[in-house]
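Quick notes on the structure that follows.
What follows is calculated from the coordinates using simple rules that are stated; it is not laboratory data. It should be emphasised that the depicted structure is a prediction, and the values quoted were computed from it without experimental measurement. All Cβ positions, even for glycine, are placed from backbone atoms using ideal geometry, and neighbour counts span all protein chains on display.
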Amino acid sequence: MKRLMVTLGLAMAAVVALPGTPAHASWVGNNCYVNNVLDSHVRRSDALAYGKVAIDEGYEWGGGCWNDNSRDDTPGQPNSSGEGPDCSGFVFKSWELRLSMGASGFTWWDKFQNVHGPYTSTAFHSPQASWPFFKLPDKKYSTTMYMDAFAKDGHIGMIYGESQPQDGTDTILEALGDAYGAGLWIESYRGNAAYSAIRREGWTPDCYPRCGGGEPRGSVAVP
Amino acid sequence: MRGGRFVGVLAATVAFGTLVVPGAARAAARPGRPDTVGEARAVIQLFYSPPVLVRAGERVDLPVDAACVTSAGTVCRADVTVSARGGGGARWTSAMARAGASLRFDVSAAARRALAAEEWSGSVEFTVSASGSGASASLGTRTGPLTFYVVKSMPTVRVPVAFGHAARGSTALFVPWGSGPGRAGLALGLESATLGPSSFDVDADGRVWLLDGLHHRLLVGAGSGPLASVVVGGTSPDSEIAVGPHGTAYVMSSVGGRLDRPVHVLRVPPGSGGASAAVTAGRGLPVRLAVAGSMPFVHMLPSDEWTQVGGPNGQMTPGRPLGGGEQLLSVVRDGAVRLGTAHGNTVRDAVELVFPANVGDLQLAAPDGAGGYVVVVHLWRDGRDADQYQVVHVSGGRVMQTFAVARRDFARTAALSAFRLGPNGSLFQLTSSPDGVRVLRYRIGGAA
């Protein structure tokens with residue numbers, strides 16, 4: 001009897017949780033699978049390299065699965081278990097956050113795993129003290145580093161580089177919306193009071209595993 | 001409601017991955033993160049911070065980001081080389097370093113040589129390149145180099161700023177949201193940006209051209225009169241528009257996406273019902289579109305320079321072309337805005353604007369026709385959740401006029417498309433609110 005109740009419970013949970021369409025009729029159903037592993041010594045450069053693969057791969061609200069063919073395989077099909085992450089899911093996977101809300105440490109997620117993670121852009125914008133990311137004290141160029149993020153209630157994007165275009169903007173790696181997909185855009189988030197600068201904690205220095213020279217280094221003189 | 005729906009989707013996606021997919025059978029072991037590339041194809045992307053305009057005796061640092069990544073999403077190794085020469089006849093000198101975080105090159109020596117050869121101002125030509133792991137990338141070549149300028153004198157002007165006292169402006173055009181005639185497209189964001197018209201411009205007759213990229217059309221009108229609609233294919237929600245002095249409009253296909261995408265510019269002749277065939281402006285990440293004389297120019301990253309649409313390949317300028325061989329130099333650096341007008345190696349009317357607040361994006365910079373400039377710069381204060389645009393008219397080393405304008409962006413515009421100068425010294429701002437798009441007009445005394 002107990003086994004029957006558990007079986008019925010699982011069946012009902014599946015009905016509630018799953019989309020109405022047959023799973024394998026969707027892009028996610030046909031292409032995505034589970035593959036993740038606990039990770040360590042994760043550098044900002046690893047996060048950038050991971051995130052770059054998602055450029056041009058579409059956008060899906062609540063989504064988190066994409067391939068690497070540099071095109072949106074489900075264009076014009078919003079909220080259909082299509083290809084691509086949404087903005088907060090993109091940060092979750094690029095930052096190798098863990099599925100348990102507030103858990104520290106790193107988990108590498110295959111790009112083909114359709115996982116969004118527990119954090120919305122609002123959560124990124126206003127993190128709790130125990131979470132593995134935090135709000136920076138200001139948004140000055142001297143304070144932020146690449147693969148930090150700018151987050152507001154409704155959107156989040158990651159700083160792609162530490163160089164600064166002449167117009168004082170930033171190059172942002174972000175999942176911008178159904179009409180855009182994921183990619184690089186010039187943005188003015190830094191000056192926008194609605195956005196906060198957010199940093200993932202626990203990065204390993206980029207020089208790893210050869211950090212003999214130490215970080216940071218000074219300028220290289222051109223004679 | 002929205003949050004509840006979102007949690008539902010989250011639950012669905014997590015459960016979906018767990019229940020439906022035979023994950024273990026298809027899962028591959030996680031690839032390692034080798035520092036050199038194995039079979040995966042490597043790509044190097046270069047960015048740098050252009051000096052644009054420096055003062056004699058200053059240290060000139062050139063930050064360089066060289067991201068070497070593979071198609072498998074792993075990091076690869078690359079070396080970066082910067083070459084520079086100050087003054088046209090000087091020899092090239094170079095330095096090389098391993099790509100990495102916070103990499104900077106000091107090009108002060110070339111700047112010193114540039115000014116030694118000239119009396120008041122000079123220029124430095126330079127290139128940035130990176131190679132490694134079977135990939136390479138370069139910005140500028142020795143025959144078509146990047147450039148920055150050095151001036152002996154650049155007065156500093158302190159701009160007074162009063163936070164929270166914003167000018168209201170008058171409504172030049174209002175368009176409600178919608179898809180029908182006389183309406184502009186809106187796409188509400190769901191964990192994404194809310195989209196509306198991405199860009200606008202004002203022609204010599206004071207008519208507003210509003211780019212409704214969601215519906216692939218231009219809306220043209222003024223005041224409360226009827227709006228004309230021009231269908232323009234190939235636009236996207238982040239396209240950019242600029243209107244020339246003779247009423248020809250140019251539309252740039254996109255201002256974002258990826259670095260190696262071709263950038264197309266469409267031409268809409270005055271009185272026509274649509275756009276002509278697109279002209280490719282090169283590959284890169286487009287930032288701005290502008291018209292000088294009757295020619296369109298595009299400002300693109302990662303070169304961070306301007307190039308003429310359909311013009312000779314490889315000819316770039318760090319400043320916005322003004323016509324007659326002149327270019328407007330403008331750069332945001334270290335909390336200040338620097339401006340100058342360059343012609344050949346000569347820079348005149350150089351000035352540095354300093355603000356009692358953090359300086360963000362430089363939305364607009366234009367000469368006033370009398371040796372001064374009109375700029376609109378985004379300012380913000382730490383810890384107070386306050387930001388505003390500051391309009392400044394500076395001339396002869398003095399602030400002639402300055403006032404604040406509030407940021408009003410219910411929907412996202414292209415990053416540098418919020419302000420345009422119109423005829424008779426008017427400044428226009430593209431704003432949006434829950435009811436629609438509003439173009440506001442402000443009066444700038446003495447501006448061209």
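Centre-to-centre, using Cα atoms only, segment A:156-219 and segment A:80-145 are separated by 14 Å.
For segment A:64-190, give the magnitude of the charge dipole about the Cα centre (Cβ charges: +1 Lys/Arg, -1 Asp/Glu; no others), in debye to the nearest 20.
400 debye
Between B:SER426, B:SER199, B:SER272, which gets the highest mean-square fluctuation from a Gaussian network model of chain B, Cα cutoff 10 Å? For chain B, modelled as a Gaussian network with Cα springs under 10 Å, the answer is B:SER272.
Secondary-structure-derived ellipticity at 222 nm for the protein assembly as shown, considering helices only, amounts to -3000 deg cm²/dmol, per-run term -39500 (n - 2.57) for DSSP H runs with n ≥ 4.
The equivalent ellipsoid that matches the C-alpha gyration tensor of the protein assembly as shown spans semi-axes of 41, 31, 22 angstrom, in descending order. For chain B, the gyration tensor built on C-alpha atoms gives an oblate shape. Its axis ratio a/c (a ≥ b ≥ c) is at least 1.5, and a/b is not larger than b/c. Based on the Cβ-Cβ distance of B:SER102 and A:ASP153, what FRET efficiency does E = 1/(1 + (r/R0)^6) give at R0 = 51 Å, to the nearest 0.05? Approximately 0.95, to the nearest 0.05.
At a Cβ-Cβ separation cutoff of 4.7 angstrom, cysteine residues of the protein assembly as shown with no neighbouring cysteine are A:CYS87. Loop-located trypsin sites (Lys or Arg not before Pro) in segment B:340-396 (DSSP state other than H, G, I, E, B) with a sparse environment of at most 14 neighbouring Cβ atoms within 10 Å: B:ARG384. Applying 0.36 nm per residue to the separation of B:ASP61 and B:ARG91 and subtracting their alpha-carbon distance, the gain on full extension is 8.8 nm. For segment A:33-91, the set of trypsin sites (Lys or Arg not before Pro) satisfying both a DSSP loop assignment and a count of at most 15 other C-beta atoms within 10 Å is given as A:ARG71. Under 10 Å, Cα contacts only: if you run a Gaussian network model on chain A, which one of A:ASN114, A:ASN31, A:ASN69 comes out with the highest mean-square fluctuation? Of A:ASN114, A:ASN31, A:ASN69, the Gaussian network model singles out A:ASN69 as fluctuating most. Averaged over the residues of B:414-424, the number of partner chain Cβ atoms lying within 10 Å of the residue Cβ comes to 2.
Beta bridges assigned by DSSP with both partners in segment B:347-448 are antiparallel in approximately 95 percent of cases. The mean count of C-beta atoms from other chains within 10 Å of the C-beta of residues in B:160-169, rounded to a whole number, is 0.
Taken residue by residue and averaged, Cβ atoms of other chains lying within 10 Å of the Cβ of B:77-89 number 1. For segment A:101-175, the set of trypsin sites (Lys or Arg not before Pro) satisfying both a DSSP loop assignment and a count of at most 15 other C-beta atoms within 10 Å is given as A:LYS140. For the residues B:VAL75, B:VAL347, B:VAL332, a GNM of chain B with alpha-carbon springs under 10 Å puts the largest fluctuation on B:VAL75. Is the C-alpha gyration tensor of segment A:129-170 telling us rounded, prolate or oblate? Criteria: a/c under 1.5 is rounded; beyond that, a/b larger than b/c is prolate, otherwise oblate. Because a/c hits 1.5 or more and a/b exceeds b/c, segment A:129-170 counts as prolate. Of the options A:GLY177, A:TYR189, A:HIS116, report the single residue whose Cα projects farthest towards the positive end of the charge dipole of chain A (beta-carbon charges: Lys, Arg +1; Asp, Glu -1). The residue sitting farthest along the positive end of the dipole is A:HIS116.
What separates the Cα centres of segment B:298-359 and segment B:381-410 is a distance of 21 Å.
For chain B, which longest stretch is free of loop sites, where a loop site is one of the GluC sites (Glu not before Pro) that DSSP puts outside H, G, I, E and B and that has at most 11 other Cβ atoms within 10 Å? Here the longest run is B:120-448. Of all aspartates and glutamates in the structure, the ones whose alpha carbon falls short of 16 Å from that of A:LYS135, not counting any fewer than 8 places away in one chain, are A:ASP148, A:ASP153, A:GLU201, B:ASP382, B:ASP385.
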